[in-house]
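The numbers here are math on the coordinates, done by the rules we state, and not lab data. Quick caveat: nothing in here was measured; it's all calculated off a predicted structure. No Cβ is skipped: glycine too gets one built from the backbone with ideal geometry, and neighbour counts run over all protein chains shown.
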Amino acid sequence: MSAARLPVFVDVDTGVDDAMALAYLFGSPDAEVIGIASTAGNVDVHQVCENNLGLLQLCGRSGVPVSKGAEAPLSAPLRTAEDTHGPQGLGYARLPAPTAELTAYDAAQAWVRAARAHPGELIAVATGPLTNLALAVRAEPALPRLVRRLVIMGGAFDYRGNTTPVAEWNVSVDPEAAAEVFAAFSDADELPIVLGLNLTENIMLTPELLGALADTAGSPSRPLSEHDDRGAASAAANPLIRVLEDAMRFYFEFHHDCGEGYLAHLHDPLAVAVALDPELVRCRPAPVDVELTGTLTRGMTIADWSGRWGRKPNALIGVDVDPTAFFDRFIARVGAFARQLPYS
Ligand code: RIB
Ligand code: CA
């Protein structure tokens, strides 16, 4: 591993924005992706594995080990989000059939192996439900002290949910896992950075920004529009831009149909960008916990800003970000990475 690269382990429920996050990591000269954990969430875990292996194949990164996680959350039945991310989790996009195999060990063991292989150095990011991270901490209680930095995309702080009126998807799918992870990382040398919807919904990808990405990749294509036929295929010459546009079109259509506009929030790409450079966001420390038994509020994340609970902070909650600074970096890195790919 080159001295300038950070060892990065990422736990994803790939998903449209998870795929964008992986592309950002592949386009980041300061990152070496040393492992990917596949977690059930946006789609079932087998489909997440297929998406991860297929994306690695497309990006020429088939050497990165991909591990399969648990089939279901710790105690709740699995819920998936094909309405948001498409039947296979990547909108209208189709990926090449992967040739690489999954690791023989599961995702929880992959977490433990990565942390032990890079003690005090590992940059870890979770952009899906925290099921496998919770299982990893059960297997290796020292994991929070082995990891140099953990960034979690999850929760919503003083902000409405996107799955229930108060709960965000990743936490809502497995609230017990989120509660276990927040408790376990309270003793970490560096508290986890937690990016909730209150922050990530500032990162709005528009057809114009997606067009700028295609231009940067040297693969200009007509900007997507809400007036296009639904499911219209991308005409981009670049294979990665084609996949990202076809994936994003489904995501744009979903948000448009929800009345949020023809756009998409890049929750997970922000999380990986912050993992490589925490200066991208402003955070505030607070004790954080998860509602597990509320009839109406299960999966809600609560930040005790005023210290009512008498507990020490166990999270650095993202509270401010400059979307332009993020998109400048995102477009530069993903665009340059796409440009150097061999055309299919
Ligand atoms: O709530 C947004 C999060 O849920 C993102 O990580 C998205 O990919 C889904 O997993
Ligand atoms: Ca995700």
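Can you pull out the GluC sites (Glu not before Pro) in region 42-141 whose DSSP state is coil and whose Cβ has at most 12 other Cβ atoms within 10 Å?
Here the GluC sites (Glu not before Pro) that fit, given the DSSP loop and packing criteria, are Glu71, Glu101.
Place a +1 charge on the Cβ of each Lys and Arg in region 139-271 and a -1 charge on the Cβ of each Asp and Glu, then give the dipole magnitude about the Cα centre in debye, rounded to the nearest 20.
It works out to roughly 300 debye.
Share of antiparallel DSSP beta bridges in the chain, in percent to the nearest 5?
35
Just to confirm the filter: which GluC sites (Glu not before Pro) across region 255-313 are DSSP coil and have at most 16 other Cβ within 10 angstrom of their Cβ?
Passing both the DSSP loop test and the Cβ count: Glu260.
Given contacts defined as C-alpha pairs under 8 Å and at least six residues apart, what's the relative contact order of the chain, whole-number percent?
Here the relative contact order equals 20 percent.
Find which of Thr295, Thr14, Val33 sits farthest along the positive direction of the dipole of the chain, computed with +1 on the beta-carbon of Lys and Arg, -1 on that of Asp and Glu, about the Cα centre.
Val33
Only Lys, Arg, Asp and Glu count, each charged at its Cβ (+1, +1, -1, -1), so figure out the dipole size of the chain about its Cα centre, rounded to 20 debye.
Taking the Cα centre of the chain as origin, the dipole is about 700 debye.
What net charge do the residues around Ala212 carry, taking every other residue with its C-beta under 14 Å from that of Ala212, with Lys and Arg at +1 and Asp and Glu at -1?
Result for the local shell: 0.
Relative contact order (percent) for region 223-344, with alpha-carbon contacts under 8 angstrom and 6 or more residues of separation?
Once normalised by length, the contact order is 25 percent.
For region 1-128, what ratio Rg/Rh do Cα atoms give with a Kirkwood hydrodynamic radius?
Reported Rg/Rh, Kirkwood definition of Rh: 0.95.
What is the sum of charges, Lys and Arg at +1 and Asp and Glu at -1, for the other residues whose Cβ falls under 15 Å from the Cβ of Lys312?
So the surrounding residues net to -2.
Angle, helix 16-26 long axis vs. longest principal axis of the chain, Cα atoms, 0 to 90°, nearest 10?
Computed tilt is about 90 degrees.
If each residue's Cβ is checked for other Cβ atoms within 10 Å, how do Trp309, Trp169 rank with the fewest at the top?
Lowest to highest Cβ neighbour count: Trp309, Trp169.
So for the pair Ser225, Arg116, with labels modelled 7 Å out along Cα→Cβ, what separation do we get in nm?
Calculated label separation equals 5.7 nm.
Residue separation times 0.36 nm, minus the C-alpha to C-alpha distance between Ala232 and Thr324: what's the value?
30.3 nm
Using +1 at the Cβ of each Lys and Arg and -1 at the Cβ of each Asp and Glu in region 181-321, identify which of Leu209, Ala188, Leu224 lies farthest towards the dipole's positive end.
Sorting the options by dipole projection puts first Ala188.
How charged is the neighbourhood of Arg339? Take every other residue with its Cβ under 13 Å from the Cβ of Arg339, and add Lys/Arg as +1 and Asp/Glu as -1.
0
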